[in-house]
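Colleague: I'd like to ask you about the structure that follows.
The values are calculated or read from the model by the stated rules, or taken from the named source; none is laboratory data. Fair warning: this is a prediction, and the values are worked out from it, not measured in the lab. Cβ atoms come from the backbone with ideal geometry, glycine included; neighbour counts cover every protein chain shown.
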There are 2 protein chains.
Amino acid sequence: MVEITLLSEADLRRCVALDDQAVECVEDGFRALGTGTVVMPPILSMAIREANGEVDVKTAYVPGLPSFAIKVSPGFFDNPALGLASTSGLMMLFCARTGQVQALLLDNGYLTDIRTAAAGAVAARHLARADASHACILGAGMQARMQLRALSLVRPIRRATFWARDPARADAAAREMGAELGIKATACADPATCVAQADVIVTTTPATRPILLADWLRPGQHVTAMGSDQHGKNELDPASLARADLYVPDRLSQTRALGELRSAVQSGALPADARFPELGDIVAGTAPGRATPEQITIADLTGTGVQDTVIAIHALRRARAQGLGTLFNT
Amino acid sequence: MVEITLLSEADLRRCVALDDQAVECVEDGFRALGTGTVVMPPILSMAIREANGEVDVKTAYVPGLPSFAIKVSPGFFDNPALGLASTSGLMMLFCARTGQVQALLLDNGYLTDIRTAAAGAVAARHLARADASHACILGAGMQARMQLRALSLVRPIRRATFWARDPARADAAAREMGAELGIKATACADPATCVAQADVIVTTTPATRPILLADWLRPGQHVTAMGSDQHGKNELDPASLARADLYVPDRLSQTRALGELRSAVQSGALPADARFPELGDIVAGTAPGRATPEQITIADLTGTGVQDTVIAIHALRRARAQGLGTLFNT
């Protein structure tokens, strides 16, 4: 019998937010990844075609941390027709010394949203120009909003432009985020204009064909592509990766299979064996980040198990400090 | 918010036993595997060397079943020195149509013990002679006992012999199981004699070097090797696989990497590309099982995600029928 802590989504929303601490813990995770001591096996992925669904399992062990997380992320894309969210899932924390279950974080994907947005902040902090003030967000969903919040934590964002296939949704996102952040935020019907004017661009869509063309990019810009996390997704024109001065994957082995790099290699824009410094290498200082204000940089984020381990540990600490959660004897 | 069912180990011990129904549901799982429609991705495995630990994640989707399970099995081999079991873990059930969490089965490995023993029964039912009455068990741990119980469900076992490196443990297992099953059960100090006299042999150890030599085998015997489930484990003399008339893996891709087949190929006893019918093929009737009473048959069991999915569904049904479990709103 083991006593474990159960945390509901409501508990987790009470104690974890997209704030400096969340960004810092995800940055620490990338730093650990950059030191080469993290154990992070390939993602376990199972497709359930009959239900237009997929389930992914991610994990990572970070030496020195007391626990490791395993995250299960189901994505069932016919759910909205049933009145349910497409994504759900949970994280589990295990003792790194004994393997015993410590906590079940029944977050329905909330912590994934936080750690994904926090990775966007980490990428911007290390790759966007320090004076980047104009953000362009392609997409108008929940991560579109969260990525703008994340940018605002690390860069002096004063202006935001949203583009989405559905202009009404872009407009709604702009109104909401303008009010929330106290900045000028507008929708833009033309993605080329929207991208060209910005200092930092984040793509947050489930697109399967490029929504950002290489010709639209201007010197000094940083792009974070966070929408592609599966075979078949693609947000960036393959030529944009070739055009960038610095391309930074969160995990090279993953972006080759699931990220923008996959499409760039497939189209012949980049060689299959091309090597790039990972975000963790840049955070750890073992590879250079942005070198000049004129460089074009691209971060390709597919989501890593190390982000799950660090955010789950952060959440359990916060929950315990606030007396949240339910004890359960297994 | 989703309402899920939490089942503790005590709940699960109350409603699931190693009985005919458990064997039948695991047999159904293998039959589904044999039809080729099951989706079963490779095992996710992460080693934590600092703690002499490993964690494995298994899953399988069986078309037609309402749910799929994901199982997390930590094995931390320094735990006994801390007064803890080496293995622990949990299973999760997800709706096969929406991906939403349905139940958390906090079994600390209990359901794995049941489904592992049940697979031994399925192998014996399809591969041991129908009149097999003398069992030899190599090993004297919990699975040694459970595998003998499993054999007794499917074959007219009247005599059992236990061998273990520690004779006192073999003696204790023999006394206990003789009394429980009402059969003659003894410990045997010489494994060669112990093996040679039996109709059906089960190896249940964490050995890394062969404990059963090919020369000890006699015509008509069936051997189930269930101890090896990791790179580096090995119970059967590689020559025994070459000598067998029929070698049956639970999952060929797994036994090549983790089972007895790995050692047999490594030693050169069998070619790396050798193909064999899987246990599911034999259960489904798409490949022949034992053809004559004289054949020597070997089943190589590494443990499959499909067993986890079927036993978890079985357990949730039983628990609901008995009103067991705790509801929790995520």
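Colleague: Provide a single number: the residues in the range B:3-17 that are within 12 Å of chain A (Cβ to nearest Cβ), in a helix (DSSP H, G or I), surrounded by fewer than 19 Cβ atoms within 10 Å (Cβ to Cβ) and more than 20 Å from the chain's Cα centre (by Cα).
Modeller: Total satisfying the criteria: 1.
Colleague: Report the residue count in the range B:35-56 for those that are over 24 Å from B:Thr205 (Cβ atoms), free of Cβ contacts under 8 Å to residues at least 40 places away in the same chain and more than 8 Å from chain A (Cβ to nearest Cβ).
Modeller: 2
Colleague: So if I check each of B:Gln295, B:Gln307, which one is crowded, with 21+ Cβ neighbours inside 10 Å and either of a type outside the set (Phe, Trp, Tyr) or in contact with a His (Cβ under 9 Å, 6 or more places away or on another chain) (or both)? So that I can check it myself, show each step before the final result.
Modeller: Details: B:Gln295 fails: crowded, with 21+ Cβ neighbours inside 10 Å.
Exactly one of B:Gln295, B:Gln307 is crowded, with 21+ Cβ neighbours inside 10 Å and either of a type outside the set (Phe, Trp, Tyr) or in contact with a His (Cβ under 9 Å, 6 or more places away or on another chain) (or both), namely B:Gln307.
Colleague: Follow-up question, since we're still on this one. With (1) surrounded by fewer than 23 Cβ atoms within 10 Å (Cβ to Cβ); (2) assigned by TED's automatic domain parsing to the domain that holds B:Val223; (3) at pLDDT 95 or above; (4) out of contact with any Gly (no Cβ under 7 Å at 6 or more places or on another chain) as the list, and B:Ala274 as the residue in question, which single condition is left unmet?
Modeller: (3)
Colleague: Here's another thing I want to ask about it. For the range B:65-73, indicate whether the set of residues that are outside the structural domain of B:Arg290 (by TED's automatic domain parsing), among the small types (Gly, Ala, Ser) and touching a residue at least 40 places away in the same chain (Cβ under 8 Å) is non-empty.
Modeller: In the first step, residues of the range B:65-73 are kept if they are outside the structural domain of B:Arg290 (by TED's automatic domain parsing); the result is B:65-73.
Still in the list and also among the small types (Gly, Ala, Ser): B:67, B:69, B:73.
Going one step further and asking which of them are touching a residue at least 40 places away in the same chain (Cβ under 8 Å), we end up with B:67, B:69.
Scanning the range B:65-73, I find at least one residue that is outside the structural domain of B:Arg290 (by TED's automatic domain parsing), among the small types (Gly, Ala, Ser) and touching a residue at least 40 places away in the same chain (Cβ under 8 Å), so the answer is yes.
Colleague: Would you call B:Asp20 of a type in the set (D, E, K, R) and over 28 Å from A:Asn52 (Cβ atoms)? Spell out how you get there, then give the answer.
Modeller: On the way: of a type in the set (D, E, K, R): yes; over 28 Å from A:Asn52 (Cβ atoms): yes.
So B:Asp20 passes the test.
Colleague: Of all residues being in contact with a strand residue (DSSP E or B) (Cβ under 6 Å, 6 or more places away or on another chain) and over 13 Å from B:Arg209 (Cβ atoms) in the range B:232-260, which is surrounded by the fewest Cβ atoms within 10 Å (Cβ to Cβ)? Just the residue, please.
Modeller: The qualifying residue surrounded by the fewest Cβ atoms within 10 Å (Cβ to Cβ) is B:Leu246.
Colleague: Let me ask something else about it. If a residue must be more than 30 Å from B:Ser67 (Cα to Cα), in contact with a Ser or Thr (Cβ under 9 Å, 6 or more places away or on another chain), at pLDDT 95 or above and not hydrophobic (A, V, I, L, M, F, W, C), how many such residues does the range A:1-55 contain?
Modeller: Total satisfying the criteria: 2.
Colleague: Is it the case that A:Thr98 is hydroxyl-bearing (Ser, Thr, Tyr), within 23 Å of A:His126 (Cα to Cα) and in a loop (DSSP other than H, G, I, E, B)?
Modeller: Details: hydroxyl-bearing (Ser, Thr, Tyr): yes; within 23 Å of A:His126 (Cα to Cα): no; in a loop (DSSP other than H, G, I, E, B): yes.
Considered against the rule, which asks whether it is hydroxyl-bearing (Ser, Thr, Tyr), within 23 Å of A:His126 (Cα to Cα) and in a loop (DSSP other than H, G, I, E, B), A:Thr98 comes out as no.
Colleague: Pull up the range B:57-80, narrow it to residues that are modelled with pLDDT of 95 or more and more than 10 Å from every other protein chain (Cβ to nearest Cβ), then point me to the one that is surrounded by the most Cβ atoms within 10 Å (Cβ to Cβ).
Modeller: Per the criteria, the residue is B:Ala69.
Colleague: Of these, B:Ala118, B:Ala160, B:Ala124, which one is touching a residue at least 24 places away in the same chain (Cβ under 8 Å), out of contact with any Asp or Glu (no Cβ under 9 Å at 6 or more places or on another chain), crowded, with 22+ Cβ neighbours inside 10 Å and farther than 14 Å from B:His222 by Cα?
Modeller: Working: B:Ala118 fails: out of contact with any Asp or Glu (no Cβ under 9 Å at 6 or more places or on another chain); B:Ala124 fails: farther than 14 Å from B:His222 by Cα.
That would be B:Ala160, the only listed residue that is touching a residue at least 24 places away in the same chain (Cβ under 8 Å), out of contact with any Asp or Glu (no Cβ under 9 Å at 6 or more places or on another chain), crowded, with 22+ Cβ neighbours inside 10 Å and farther than 14 Å from B:His222 by Cα.
Colleague: May I pose another question? Among the candidates A:Gly83, A:Gly99, single out the residue that is facing another protein chain (nearest Cβ under 7 Å) and on the phi > 0 side of the Ramachandran plot.
Modeller: Working: A:Gly83 fails: facing another protein chain (nearest Cβ under 7 Å).
One residue alone meets the criteria, A:Gly99.
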